[in-house]
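Trainee: Starting off with a structure, shown below.
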Amino acid sequence: MNDLSFAAGRRKPDTLYHQLAEDLAQAILAGRLKCGEKLPSVRKMSAQRQLSLSTVMEAYRELEDRGLIEARPQSGFYVRAATAFATPALTQPPQTPSSVVTQAEYWPYQSGQIADIKVNFGLAILHPDHFPLQSLQRLLSQISRHEPELLADYGTPPGDPELRRHIARRALAWGGQFEAEDVIVTHGCLEAINLCLRAVTRPGDVVAIESPAYFGVLQMLESYQLKALEIPTHPQTGISVEALELATRNGQVKAALLLPNFSNPLGCLMPDENKRRLVELLNERNIPLIEDDLYGEFFHHGERPRPAKAFDKTGNVMLCSSFTKTLAPGFRVGWVVAGRWRRELEKLKFINTYSTSTLLQKTIARFLENGGYDHHLRKLRRAVADQLACGAAAIQRYFPAETRLNIPVGGFVLWVELPAGINTVELLQRSIGEGIVFAPGELFSPSRSYRNCLRICCIETWTTRHERAIQRLGQLAQALLDEQTELTIPAA
Ligand SMILES: Cc1ncc(COP(=O)(O)O)c(C=O)c1O
């Protein structure tokens, strides 16, 4: 399968640093040192092995060169995922818009087939251990004890002023230039996107989306009788702005709904220059951009990527996000900054659900006020990056050769392209019997492309249970591939 012998098998002259590097390489490949795990500091290793600091440093540098570990600034050395599989290419969806008919029957969470999940790679909802539940619980009970009147209050439709102020203030970090009054609090990002679609489209309109695209978006398009135009998307750099330019020439596209930061399921991140061109293009053509920035906080390294909204000078971008993935999935608190559709959105929010629970909004606002959010996010990002690296390494160890894998620089979902001919709906039917769930590729495309693809969500701390589940998925995929080969070889 996956050839990692370059890292383990080669013995160089027996210098002390080569010996140490070899020992560590063996430990990594045997899984005794796990992806994302921190190596002992140079000083500690030097004391443990009675080697000089420079010898240990040389060994670490060698492992870094071999792609087995990586240095993280001011933190130390960590085991890195192997990078043997090629990345999937730019996608090539059909060039014509299509009506959306989603396939809930393939999605066990909706079709009720989830009796006994042992390993959940299916839902993009992080494990409860990732959230500061006790702090939230304490705040929630303090607020309801001291302000019981909130339990009897509908609240104001655009949202709690304190929370809206925090959202606007936090956006300053990426150059967001809007006021608290511009923020409308919603029931999660889903309500935000729903309201945006209702504001700027009518049944029969065409909406440009990434390809593959989040299936929740496809379900929304279906329910509003909107047509989807899938735009070719690169797993690393996001939608092709050139393709979008061509697709929007004839005036058929009435809105674009995109995730420039760590899209779901590809995990791609549009470079700033592409975001700027995207915003300018759509503004020139008077096509509103509904931007889903749900995963923007999940960068693994460096700085928070700027949303496309940062390049918006005319209010043509409607920015949607929530605290679902970052803080409190159960609160269902999200928001939208709707630019020039603000009044329309306020009206729609009023009609749709009037307001979002004031108690929950206030709890989040107090959590932000207390200053623990950034610390929590830093911890969360580290954990998620480690989980993703472990998932990617396991896939590369156990999936069939010729698999393609995108390892994104943010988020916690992996997009895997299996060899052509493997049907991942069939793979799911087999794996679900063993309690292993993932999302098959077909779910993410109205044209039912991506039959040989799957999305793996790395939602919890990686353990041998996950490792074995990926190994089993790899075996099941290989078996499907072998069956297919047998079918295509004519009998002698
Ligand atoms: C891309 C994307 N947008 C929106 C949502 C829904 O967000 P929320 O849970 O805040 O409503 C999800 C949930 O998984 C998602 O993946």
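To keep it simple, each residue is scored yes or no on (1) touching an Asp or Glu at 6+ places or on another chain (Cβ under 9 Å); (2) crowded, with 21+ Cβ neighbours inside 10 Å.
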| site | (1), (2) |
| --- | --- |
| G155 | no, no |
| L163 | no, yes |
| E181 | no, no |
| G238 | yes, yes |
| L246 | no, no |
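Trainee: Inspect the stretch 423-444 for any residue being at pLDDT below 95 and among the aromatic types (F, W, Y) and give the result as yes or no.
Mentor: No, the stretch 423-444 has no match at all.
Trainee: Pick out, from the stretch 165-238, the strands (runs of 3 or more DSSP E) lying fully within it that include 2 or more residues that are under 30 Å from P88 (Cα atoms).
Mentor: 206-211, 227-234
Trainee: While we're looking at this one, here's another question. Select from the stretch 34-70 the residues that are under 26 Å from the mean Cα position of the chain (by Cα) and open to solvent by 50 Å² or more (accessible area, probe 1.4 Å) and write down the one among them that is modelled with the lowest pLDDT.
Mentor: Applying the filter and picking the extreme gives K34.
Trainee: Return a yes/no flag: does the stretch 348-355 have any residue that is within 15 Å of the ligand (Cβ to nearest atom), crowded, with 17+ Cβ neighbours inside 10 Å and under 24 Å from the mean Cα position of the chain (by Cα).
Mentor: Within the stretch 348-355, none of the residues are within 15 Å of the ligand (Cβ to nearest atom), crowded, with 17+ Cβ neighbours inside 10 Å and under 24 Å from the mean Cα position of the chain (by Cα).
Trainee: Anything in the stretch 265-295 that is in a loop (DSSP other than H, G, I, E, B), charged (D, E, K, R) and touching a helix residue (DSSP H, G or I) at 6+ places or on another chain (Cβ under 8 Å)? List them, or say none.
Mentor: D293 - this is the single residue of the stretch 265-295 that is in a loop (DSSP other than H, G, I, E, B), charged (D, E, K, R) and touching a helix residue (DSSP H, G or I) at 6+ places or on another chain (Cβ under 8 Å).
Trainee: Which is over 25 Å from the mean Cα position of the chain (by Cα) and either assigned to a helix (DSSP H, G or I) or of a type in the set (V, I, T) (or both), of R378, R342?
Mentor: R342
Trainee: Further question on the same structure: So, R306, is that one in contact (Cβ under 8 Å) with a residue 60 or more places away in the chain, within 14 Å of the ligand (Cβ to nearest atom) and either open to solvent by 50 Å² or more (accessible area, probe 1.4 Å) or not assigned by TED's automatic domain parsing to the domain that holds C390 (or both) or not?
Mentor: No: the conditions fail for R306.
Trainee: Would you point out the residue of the stretch 123-134, among those that are closer than 17 Å to T324 by Cβ and away from the ligand (no atom under 16 Å from the Cβ), that is nearest to the chain's Cα centre (by Cα)?
Mentor: Per the stated criteria, the residue is D129.
Trainee: Pick out the one residue from T363, T326 that is of a type in the set (V, I, T), within 13 Å of the ligand (Cβ to nearest atom) and open to solvent by less than 20 Å² (accessible area, probe 1.4 Å).
Mentor: T326
Trainee: Moving on. Going by what's in this entry, would E426 be described as touching a residue at least 40 places away in the same chain (Cβ under 8 Å), within 21 Å of T102 (Cα to Cα) and under 21 Å from the mean Cα position of the chain (by Cα)?
Mentor: For E426, the condition - touching a residue at least 40 places away in the same chain (Cβ under 8 Å), within 21 Å of T102 (Cα to Cα) and under 21 Å from the mean Cα position of the chain (by Cα) - is not met.
Trainee: Within 16 Å of the ligand (Cβ to nearest atom), open to solvent by 60 Å² or more (accessible area, probe 1.4 Å) and farther than 29 Å from I456 by Cβ - does that describe any residue in the stretch 185-203?
Mentor: yes
Trainee: Let me ask something else. So R451 clears everything in (1) part of a helix (DSSP H, G or I); (2) open to solvent by 10 Å² or more (accessible area, probe 1.4 Å) except one condition, right? Which one?
Mentor: Only one criterion in (1) part of a helix (DSSP H, G or I); (2) open to solvent by 10 Å² or more (accessible area, probe 1.4 Å) is unmet by R451, namely (1).
Trainee: Moving on to the next point. How many of the residues in the stretch 264-277 are in contact with a Phe, Trp or Tyr (Cβ under 8 Å, 6 or more places away or on another chain) and surrounded by 24 or more Cβ atoms within 10 Å (Cβ to Cβ)?
Mentor: Summing the residues that are in contact with a Phe, Trp or Tyr (Cβ under 8 Å, 6 or more places away or on another chain) and surrounded by 24 or more Cβ atoms within 10 Å (Cβ to Cβ) in the stretch 264-277 gives 7.
The values are calculated or read from the model by the stated rules, or taken from the named source; none is laboratory data. Not measured: the values here are computed from a predicted model. Neighbour counts run over all protein chains shown; Cβ positions are idealised from the backbone, glycine included. We work out accessible area using only protein heavy atoms, side chains counted, and drop any ligands, DNA or RNA first. Shrake-Rupley method; radii C 1.70, N 1.55, O 1.52, S 1.80 Å.
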